[in-house]
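Enquirer: Before anything else, here's the structure in question.
The values are calculated or read from the model by the stated rules, or taken from the named source; none is laboratory data. Note that the structure is a prediction, hence the values are computed from the model and not measured. We place every Cβ from the backbone using ideal geometry, glycine too, and count neighbours over all the protein chains shown.
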Amino acid sequence: MTIDNGSQGILQGLKRPGDVQDLDSRQLVTLADEMRRVIIDTVAANGGHLAPSLGVVELTLALLKVFDPDQDKIVWDVGHQAYGYKLLTGRAANFGTLRTMGGVSGFPKMSESRYDHFGVGHSSTSISAAVGMAKARDLAGKNHKVVAVIGDGSMTAGQAYEGLNQGGDQGSDLVVVLNDNEMSISRNVGALSQFFSRNLTKSWVVRFKKDVEALLKHVPKIGADLADYARKSEEAFKHFFTPGMLFEAFRFNYLGPFDGHNIDGLAGVFQQVRELKGPILVHVLTQKGKGYEPAESNPTYFHGVGCFEPETGEAKKFGACAMASYTDVFGETLTRLAEEDERIVAITAAMPEGTGLIKFAERFPDRFVDVGICEQHAVTYAAGMATQGFKPVVAIYSTFMQRSYDQIVHDVCLQNLPVTLCLDRGGLVGEDGPTHHGAFDLSFLRHIPNLVCMAPKDEAELAAMLATAMAHDGPVALRYPRGVGVGAIPAERLEPLPLGQGELLRDGQDAVIIALGSRVHPSLVAAQEIEAETGKKVAVFNARFVRPLPAEQIAQLVARFKVVITVEENALAGGFGSAVLEMLADRGICGVAVRRLGLPDAFVEHGKQKELRASLGLDKNGIKASVLGALE
């Protein structure tokens with residue numbers, strides 16, 4: 001398609017979602033083109049989830065052609081495919097602020113719009129929420145429709161089937177739309193995704209049907225009747241080869257698959273569905289990235305993309321920085337360690353690219369496992385491997401690791417198994433906002449017995465900590481931030497770090513900053529500037545470990561300084577600073593002024609990492625101001 005920054009035409013004239021119902025077929029097709037132009041231009045400028053939203057433009061229009069979100073409830077799974085829905089539900093005028101600080105969220109958000117009927121950001125929750133909404137509607141004696149839109153990638157996760165199980169048993173009116181594009185972020189894996197992809201258009205099936213019909217017709221006297229019966233039974237035959245068999249086992253009436261880019265056809269299906277009772281699943285086939293050739297040809301890259309040139313799809317270059325990200329360093333280091341230790345196995349949950357494991361997968365295909373969007377299973381799967389002498393490394397974003405908490409506690413740590421949990425994007429992730437910030441991992445991990453929990457100050461220390469984890473005969477959690485660090489190059493020979501030992505990076509006499517992870521280097525800069533401006537000498541200690549805490553070293557530092565500041569990029573409640581305070585209380589150390597810097601007792605909104613850190617006082621200037629305030 002051609003990118004046009006001109007008038008938005010029909011889209012600009014829509015006042016409410018119900019206006020879509022007044023448009024004819026030609027206008028709907030024009031509107032679809034307009035929506036794609038706005039989505040592409042906005043994501044090109046701001047970054048975001050492009051391919052998922054482009055793939056459901058026609059599906060969104062068909063839904064709003066039949067269902068009225070002023071009355072009916074529409075729940076989007078994950079929500080990164082809801083950009084078109086946002087455009088049609090009152091947010092077209094300020095859609096240009098998408099994912100910017102104070103602007104439109106990249107995910108459905110109940111506080112943002114009354115048309116966002118459920119807040120989402122993690123996968124596979126839509127059916128459960130919709131089943132609950134349907135039950136509430138029935139109890140209230142109302143009759144509106146409830147629709148869950150779930151991608152086939154999300155259908156690989158267990159909660160989706162828990163929702164289907166309850167929905168089928170409950171028997172309430174409910175519509176589940178399965179958006180089948182054979183993708184989650186990367187291409188789907190597992191037996192279920194292969195099952196969804198079955199169809200009757202393959203040549204062998206067509207030949208089989210023709211041969212059977214010809215054979216039946218030659219049966220004396222009753223051949224014609226048998227052939228007619230076979231044709232009438234085709235739907236039953238079809239169900240044997242399609243996912244209908246699976247969903248009907250959950251007591252859902254299965255319809256499809258249908259072309260997800262035919263607005264009129266889909267609207268007709270939804271109109272019929274609206275008149276039906278009970279739980280219904282509509283199977284829709286779409287193309288991720290539809291209508292934008294770069295996204296069609298590379299949907300994985302354009303699933304979640306940074307700023308790019310809309311005409312070409314090429315990424316925009318910002319400065320000359322060529323430093324490797326923490327994610328890159330993790331992937332390269334793990335591959336390097338696996339060269340020396342064949343017991344190392346890498347496991348991820350539908351994110352081989354996002355977690356930096358592509359090189360590992362190419363180098364060791366037999367020792368790389370993508371389990372799909374199944375974080376709980378990934379952790380217990382790793383525990384099973386660990387019982388057999390392997391060293392599994394589970395790489396999952398911090399925010400998604402939350403889903404496997406019970407498995408971390410009972411399946412890994414209780415049994416003291418050598419599983420390494422690598423939590424990418426620990427701390428503030430930026431524009432994806434509160435559903436994706438890794439704000440709580442230190443709080444929910446540091447109190448679990450047997451678990452070593454650490455965070456590196458830079459890329460070189462990340463590599464050293466990974467070597468530490470591989471040398472440790474027990475569970476380890478290693479969290480690191482999104483993006484690049486200071487460019488520290490890992491050592492040629494990686495040596496394990498002593499457990500529970502930090503390092504004094506800068507000595508002083510007036511105050512001490514005890515910092516962790518990504519906040520160590522900003523603390524160093526703040527201390528240097530304080531001395532240059534005031535003459536006050538501030539020590540900086542890199543704690544490295546949250547568990548075991550470097551208690552002796554911290555206690556000795558606290559004894560020397562009247563002013564102590566802890567700095568972390570984690571929730572203050574139960575985080576690293578809390579661990580320091582607990583240790584001091586347990587040792588009876590009192591009379592010390594300890595100021596804690598970290599994330600507030602609130603969900604942090606979306607915005608650039610730099611903006612968020614500045615607003616929360618966690619950048620160099622904020623740390624500097626806090627230290628000076630404490631000294632005064």
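Enquirer: For the range 121-149, enumerate the residues that are in contact with a Ser or Thr (Cβ under 7 Å, 6 or more places away or on another chain) and over 19 Å from F252 (Cα atoms).
Expert: Within the range 121-149, G121, H122, S123 qualify.
Enquirer: Could you tell me how many of the residues in the range 372-425 are at pLDDT below 95 and farther than 22 Å from V78 by Cβ?
Expert: Total satisfying the criteria: 0.
Enquirer: Among the residues of the range 56-79, is there at least one that is of a type outside the set (V, I, T), under 17 Å from H606 (Cα atoms) and within 19 Å of the chain's Cα centre (by Cα)?
Expert: yes
Enquirer: Here's something else I'd like to know. Exactly one of (1) in a helix (DSSP H, G or I); (2) buried (at least 24 other Cβ atoms within 10 Å of the Cβ); (3) at pLDDT 95 or above is unmet by D19. Its number?
Expert: So the condition that D19 fails would be (2).
Enquirer: When the range 362-384 is examined, which residues are found to be within 28 Å of T125 (Cβ to Cβ) and part of a helix (DSSP H, G or I)?
Expert: Once the filter is applied, which keeps residues that are within 28 Å of T125 (Cβ to Cβ) and part of a helix (DSSP H, G or I), the range 362-384 yields E375, Q376, H377, A378, V379, T380, Y381, A382, A383, G384.
Enquirer: Test of understanding: among E309, E342, E332, which residue is touching a Lys or Arg at 6+ places or on another chain (Cβ under 7 Å), more than 30 Å from R37 (Cβ to Cβ), in contact (Cβ under 8 Å) with a residue 24 or more places away in the chain and acidic (D, E)?
Expert: Just one listed residue meets the conditions, E332.
Enquirer: From the list R403, R446, R425, exactly one residue is within 30 Å of G102 (Cβ to Cβ), in contact (Cβ under 8 Å) with a residue 60 or more places away in the chain and of a type in the set (K, R). Which is it?
Expert: Sole residue among the options that is within 30 Å of G102 (Cβ to Cβ), in contact (Cβ under 8 Å) with a residue 60 or more places away in the chain and of a type in the set (K, R): R403.
Enquirer: Kindly indicate whether L557 is crowded, with 17+ Cβ neighbours inside 10 Å and under 30 Å from Q415 (Cβ atoms).
Expert: Answer is no for this residue.
Enquirer: Is it fair to say T60 is touching a strand residue (DSSP E or B) at 6+ places or on another chain (Cβ under 9 Å), assigned to a helix (DSSP H, G or I) and more than 18 Å from Y115 (Cα to Cα)?
Expert: So T60 does not fit the description; no.
Enquirer: Here's something else I'd like to know. Within the range 92-102, is there a residue that is under 18 Å from the mean Cα position of the chain (by Cα) and within 28 Å of L285 (Cβ to Cβ)?
Expert: So far as the range 92-102 goes, yes, one or more of its residues are under 18 Å from the mean Cα position of the chain (by Cα) and within 28 Å of L285 (Cβ to Cβ).
Enquirer: Which pairs have Cβ atoms under 6 Å, sit 6 or more apart or on different chains, and link a residue in the range 107-127 that is more than 18 Å from M351 (Cβ to Cβ) to one that is in a loop (DSSP other than H, G, I, E, B) and among the acidic types (D, E)?
Expert: Filtered contacts from the range 107-127: P108/D116; K109/D116; M110/D116; S126/D77.
Enquirer: Something else about it: If A463 passes every condition in (1) of a type in the set (A, V, I, L, M, F, W, C); (2) touching a Pro at 6+ places or on another chain (Cβ under 6 Å); (3) over 25 Å from E332 (Cβ atoms) but one, which one does it miss?
Expert: (3)
Enquirer: Continuing with the same structure: Does K537 count as touching a Gly at 6+ places or on another chain (Cβ under 8 Å) and more than 29 Å from V429 (Cβ to Cβ)?
Expert: So K537 fits the description; yes.
Enquirer: Tell me which residues, restricted to the range 234-264, are in contact with a helix residue (DSSP H, G or I) (Cβ under 9 Å, 6 or more places away or on another chain), assigned to a helix (DSSP H, G or I) and modelled with pLDDT under 95.
Expert: Hits for the range 234-264 are E234, E235, F237, K238, H239, F241, G244, M245, L246, F247, E248, A249.
Enquirer: Among the listed residues L612, L631, which satisfies the condition of being over 19 Å from G500 (Cβ atoms), modelled with pLDDT under 95 and in contact with an Asp or Glu (Cβ under 9 Å, 6 or more places away or on another chain)?
Expert: Being over 19 Å from G500 (Cβ atoms), modelled with pLDDT under 95 and in contact with an Asp or Glu (Cβ under 9 Å, 6 or more places away or on another chain) holds for just one of L612, L631, which is L631.
Enquirer: Please work out which residue is farthest from I150 (Cα to Cα), limiting yourself to the range 41-58 and to residues that are surrounded by 24 or more Cβ atoms within 10 Å (Cβ to Cβ) and hydrophobic (A, V, I, L, M, F, W, C).
Expert: Here the answer is V43.
Enquirer: So, G354, is that one in the same structural domain as Q415 (by TED's automatic domain parsing), part of a loop (DSSP other than H, G, I, E, B) and surrounded by fewer than 24 Cβ atoms within 10 Å (Cβ to Cβ) or not?
Expert: It is true that G354 is in the same structural domain as Q415 (by TED's automatic domain parsing), part of a loop (DSSP other than H, G, I, E, B) and surrounded by fewer than 24 Cβ atoms within 10 Å (Cβ to Cβ).
Enquirer: R519 fails exactly one of the following numbered conditions: (1) surrounded by fewer than 19 Cβ atoms within 10 Å (Cβ to Cβ); (2) in contact (Cβ under 8 Å) with a residue 60 or more places away in the chain; (3) within 33 Å of the chain's Cα centre (by Cα). What is the number of that condition?
Expert: (1)
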